[in-house]
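First up is the structure itself, then whatever we jot down about it.
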Amino acid sequence: MSANSADRLRLLDVVLVKGGRTKIRYKAELLSDDRTRIAVRAPWSGAGVRDFGFVRFEPGDVFTEYYWRDRWYAVKEVRDGTGALKGWYCDITRPATLSDAELVVEDLDLDLWCSADGTDVRRLDEDEFAESGLGRTDPQAAAAAVSALDALEALARGEGFAELLG
C-alpha cells in the first residue's frame, strides 16, 4: 500500500430509508467507527435551501453525523459554510447498520432540533409518527423510538450533546 492510499478519504453511501423506500442517499466521509458509534461528515445534500422556519439548511452547510449500532437515534451537528454552529438535528431511527461502504438507517419519523445556544429545543413530526402506524405494527419499536426522543430531549435541555458526541 502506498503512502497516498493511506491518506485517502474513505467515502460511504449514507442511505436513509423510510417506509421501506430509500428517502435519500448521499456520500459522506467516514471519520470514525468504534464498532458502536459511526461518525461521518457530509455537505448539505438537499437541492437548494430547506427552510424549516427555525433553521435553514443550505448549500455550504456541513453535517457531522453520528450513528449508533445500539441506539435508536442519529445526531447531526450542523455548521454553516464559515464553520459556525447552527445546532443539532436528531433523527429517531432504528440502530444503524454498516456493510462495506453503505451505512443504512431506517427513519422512524420522529425528530428533535436543538439550536446552537440550546434555547430552542423542539420535538418534530410527532403527527407523522402517529400516522405511520408503527405503534400498531411494531409496538416495541414504537416504544423504543419514543424513549429515544425523550432521552435526546433531556440531553438537549440538560447537559447538551458534548459528552455524547465527544
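The values are calculated or read from the model by the stated rules, or taken from the named source; none is laboratory data. Bear in mind the structure is a predicted one, so any value in this text is a computation, not a measurement. Note that each Cβ is placed from the backbone with ideal geometry, even for glycine, and that neighbours are counted across all protein chains shown. Note: areas computed on protein heavy atoms with side chains; ligands, DNA, RNA excluded. Shrake-Rupley method; radii C 1.70, N 1.55, O 1.52, S 1.80 Å.
Annotations
- Within the option set G81, G19, being small (G, A, S), touching a residue at least 24 places away in the same chain (Cβ under 8 Å) and open to solvent by 40 Å² or more (accessible area, probe 1.4 Å) holds for one residue only, G19.
- Remark: pairs (first residue in region 105-131, in contact (Cβ under 8 Å) with a residue 40 or more places away in the chain and at negative phi; second residue among the hydrophobic types (A, V, I, L, M, F, W, C) and part of a helix (DSSP H, G or I); Cβ separation under 7 Å; 6+ apart in sequence or on different chains) = L112/L149; L112/L152; L112/A156; C114/A156.
- Beta carbons closer than 8 Å, at least 6 apart along the sequence or on distinct chains, never pair a first residue in region 139-164 that is surrounded by fewer than 13 Cβ atoms within 10 Å (Cβ to Cβ) with a second that is in a helix (DSSP H, G or I).
- Subset tally (residues that are in contact with a Cys (Cβ under 7 Å, 6 or more places away or on another chain) and loosely packed, with under 15 Cβ neighbours inside 10 Å) for region 50-78: 0
- One residue from R136, R122 being of a type outside the set (A, V, I, L, M), over 18 Å from Y67 (Cβ atoms), open to solvent by 70 Å² or more (accessible area, probe 1.4 Å) and over 16 Å from the mean Cα position of the chain (by Cα): R136
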